[in-house]
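S.K.: Have a look at this one before I ask anything.
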Amino acid sequence: MSRGPDRTYADSQLYRRLGTAASPYGRHLVALFFVSLIGAPLALLIPLPIKVVVDGVLGGKELAPVIAAIVPDAWERDPDQLLWASVIAIVVFSALIQLHAFATWMYQTWVGERLTLGFRAKLFDHLASLSLGFHTRQSSADALHRVQVDATSLRDVSVYGAIPFATNIIKVIALTYVTARIDLTLALVALSAGPIVFVLTEVYRKRLRKRWQALRETESSALSVVQESLGAVRVVKAFGQERREGERFRKHASSTLEAALRAVRAHASFDLWVGIATGIGGAAVLYVGARHVQSGETTLGELLLIVAYLSQLFMPLRELGTRLADMQKALASAGRVFSVLDEQTDVKDRKHARHVDSVEGTFAFRDVRFGYDPDKPVLDGVNLDIPQGSRVGIAGKTGSGKSTLLSLLPRFYDPQAGSVLVDGTDVRDLKLADLRRQFSIVLQESVLFSTTIRENIAYGRPDASQEEIEEAARAAAAHDFVSALSDGYDTQVGERGTRLSGGERQRIALARAFLRDAPVLILDEPTSALDTGTEELVIGALERLMQGRTTFMIAHRLSTLESCDLRIELVDGTTVLRQGGLDEVALE
């Protein structure tokens, strides 16, 4: 399920927000900039020994004053020593360049991965804080793609985009200055390719952004198919639909392939034109330089030095365009991240919400109206009074709003009209975190995490001792089967608890509720998927769990609701109180 189109952001907005997100690592980014900048003077060193060999060793000409100042007189007079010195200099300079590249790469990785980690964590925290209304509209696979793939945009723009872009500009300036000191005409000829590169960048910028954004969306869609199919693999196999799911995946993957090819085609055509522009610039430099050598304006060694510098000039000049193009891919991802970060939760603390340590457990519904689509209410005009310590049974046909009614208690949703009160106070006037600590919830499908039994039981109280965990397990009739496992409480339950049976998972969920020890209990059809023997164990544990607590129970089996002292039937979005038995029809 998709949320709909993402917001659209201008480049300036994205750069500004990415800069803010990267600010905690500002010191490291500045340091990385200066480390990268060392490459500029290193790039100037390599061609110098070549000029010395061509002009000084082979041509017998005097060395340039700058070079002569650092070369001993004995070497300058001896061509063999000058040749060996030049060869050694090339080896040393090459080693320095490689060491610099290694150090830059390691530092880039260190800074980039930490930026990505922080950005991912921020996005994940925000996703977790959003209300259930958002998550019913948002595909979990799409959210996963944004956390894992799109969140790298901060690294790609700052570490691999902005810093190399800035250092390349400085390299272009430095190489142009040095070249101009030797031959101003050649420097101007070389720079003529610059405006062409930036015009091409502006022409392709929007097209590249659009293509990369489309690719990200199709990647997310393909990931959604994988998640759905593997998450329901038993159903797929039971109906023999492996081939059909494979075809469905290939269809979405083919769309991803086509989107990728369109994006790469646009990027490659951009690179092609930039390459042609810089190639023409290089050819023009060679032609003009050769004419200057023929006329005596420039020596052969100077021409080789200039050509070497200009080849390095064209490389950062071309990379400037490539970096700008690459950043369109990162900006497309950044827009998807900020589109989620700009989502506002439907359920949040009011400005003057107050703290509460514990509630007594008296509840009331006053003219409550709620619908997932506001124009189609699921609940309409609900009025209820629930005394403290009551056991409330809730019945109604499928889709009548039973689970929805209970979702309003811990504020998974807020009503569109009316109010829900706890101990006479509107639940919206309490701190959300404090309110939710008052509830223990056991669902029809027990949700376990892919970790140990111990950690699953202690999920609501991570600081619980082993004795408290075992006591909760005994109360839930789970200790015996857990102890019989080879790893006991350290047994890994697998993804969503698949290594345990349904009854075992349900008893672990009950143990978690016992350990939570909250004053209010919500039971959403906790025994509907269990066999008779396991149901008896679970019902016994439920009886112990409900003692002294206000309890809300949804169930389809009449036997499960027999112990309730207040029974509610939902009919057409409103409630009917029943003190006696419930009609079988209401439980269909």
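The values are calculated or read from the model by the stated rules, or taken from the named source; none is laboratory data. If you're wondering where the values come from, they're calculated on a predicted model, not measured in any experiment. Virtual Cβ from ideal backbone geometry, glycine too; neighbours counted across all protein chains shown.
S.K.: Here are some conditions: (1) of a type outside the set (D, E, K, R); (2) at positive phi; (3) surrounded by fewer than 17 Cβ atoms within 10 Å (Cβ to Cβ). Ser483 meets all but one. Which one does it not meet?
M.R.: So Ser483 meets the others, but not (2).
S.K.: Please find, among Thr298, Thr278, the residue that is among the polar types (S, T, N, Q), crowded, with 21+ Cβ neighbours inside 10 Å and not in a helix (DSSP H, G or I).
M.R.: After applying the criteria, what remains is Thr298.
S.K.: Can you go through Glu202, Glu245, Glu219 and tell me which one is out of contact with any strand residue (DSSP E or B) (no Cβ under 7 Å at 6 or more places or on another chain) and in contact (Cβ under 8 Å) with a residue 24 or more places away in the chain?
M.R.: On the way: Glu202 fails: in contact (Cβ under 8 Å) with a residue 24 or more places away in the chain; Glu245 fails: in contact (Cβ under 8 Å) with a residue 24 or more places away in the chain.
Answer to the check: Glu219.
S.K.: Enumerate the helices (runs of 4 or more DSSP H) found wholly within the stretch 3-80, keeping only those where 2 or more residues are assigned by TED's automatic domain parsing to the domain that holds Thr152 and at pLDDT below 75.
M.R.: Once the helices (runs of 4 or more DSSP H) in the stretch 3-80 are filtered for at least 2 residues that are assigned by TED's automatic domain parsing to the domain that holds Thr152 and at pLDDT below 75, what remains is 39-45, 47-51, 65-68, 73-77.
S.K.: Does the stretch 175-197 hold any residues that are within 17 Å of Thr298 (Cβ to Cβ) and touching a Lys or Arg at 6+ places or on another chain (Cβ under 9 Å), and which are they?
M.R.: The answer is Ala187, and nothing else.
S.K.: Under 8 Å between Cβ atoms, at least 6 apart or on separate chains: pull out the pairs that start in the stretch 291-302 with a residue that is assigned by TED's automatic domain parsing to the domain that holds Lys51 and end on any residue that is among the polar types (S, T, N, Q) and in a helix (DSSP H, G or I).
M.R.: Pairs that qualify, where the first residue is assigned by TED's automatic domain parsing to the domain that holds Lys51 and the partner is among the polar types (S, T, N, Q) and in a helix (DSSP H, G or I), are His292/Thr185.
S.K.: On to the next question. Determine if the stretch 284-297 includes at least one residue that is within 19 Å of Val178 (Cα to Cα) and touching a Lys or Arg at 6+ places or on another chain (Cβ under 7 Å).
M.R.: no
S.K.: Just name the residue that is farthest from Asp517 (Cα to Cα) out of those in the stretch 556-571 that are modelled with pLDDT under 75 and among the hydroxyl-bearing types (Ser, Thr, Tyr).
M.R.: Ser559
S.K.: Let me ask another. In the stretch 420-470, how many are of a type in the set (Lys, Arg) and either part of a loop (DSSP other than H, G, I, E, B) or more than 18 Å from Val520 (Cα to Cα) (or both)?
M.R.: First, pick out the residues of the stretch 420-470 that are of a type in the set (Lys, Arg): 428, 431, 436-437, 454, 461.
From what is left, the residues that are either part of a loop (DSSP other than H, G, I, E, B) or more than 18 Å from Val520 (Cα to Cα) (or both) are 431, 437, 454, 461.
The total comes to 4.
S.K.: While we're here: Quick check on the stretch 484-512: of everything there that is in a helix (DSSP H, G or I) and among the acidic types (Asp, Glu), which residue is farthest from Glu525 (Cα to Cα)?
M.R.: Only one residue tops the list, namely Asp490.
S.K.: For the stretch 332-354, does any single residue satisfy the condition of being hydrophobic (A, V, I, L, M, F, W, C), within 29 Å of Arg549 (Cα to Cα) and either surrounded by 18 or more Cβ atoms within 10 Å (Cβ to Cβ) or in contact (Cβ under 8 Å) with a residue 24 or more places away in the chain (or both)? It would help to see each step written out before you state the result.
M.R.: Filtering the stretch 332-354 down to residues hydrophobic (A, V, I, L, M, F, W, C) leaves 332, 334, 337-338, 340-341, 347, 353.
Remaining after also requiring within 29 Å of Arg549 (Cα to Cα): 347, 353.
If we keep only those that are either surrounded by 18 or more Cβ atoms within 10 Å (Cβ to Cβ) or in contact (Cβ under 8 Å) with a residue 24 or more places away in the chain (or both) as well, we get 347, 353.
Yes - at least one qualifying residue is present in the stretch 332-354.
To keep it simple, each residue is scored yes or no on (1) more than 27 Å from Asp517 (Cα to Cα); (2) at pLDDT 75 or above.
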position: Ala529; (1), (2): no, no
position: Glu535; (1), (2): no, no
position: Val538; (1), (2): no, no
position: Glu543; (1), (2): no, yes
position: Gln547; (1), (2): no, yes
position: Ile554; (1), (2): no, yes
position: Gly573; (1), (2): yes, no
position: Leu587; (1), (2): yes, no
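S.K.: Does Thr152 meet the test of being surrounded by 15 or more Cβ atoms within 10 Å (Cβ to Cβ), among the hydroxyl-bearing types (Ser, Thr, Tyr) and at pLDDT 85 or above?
M.R.: So Thr152 fits the description; yes.
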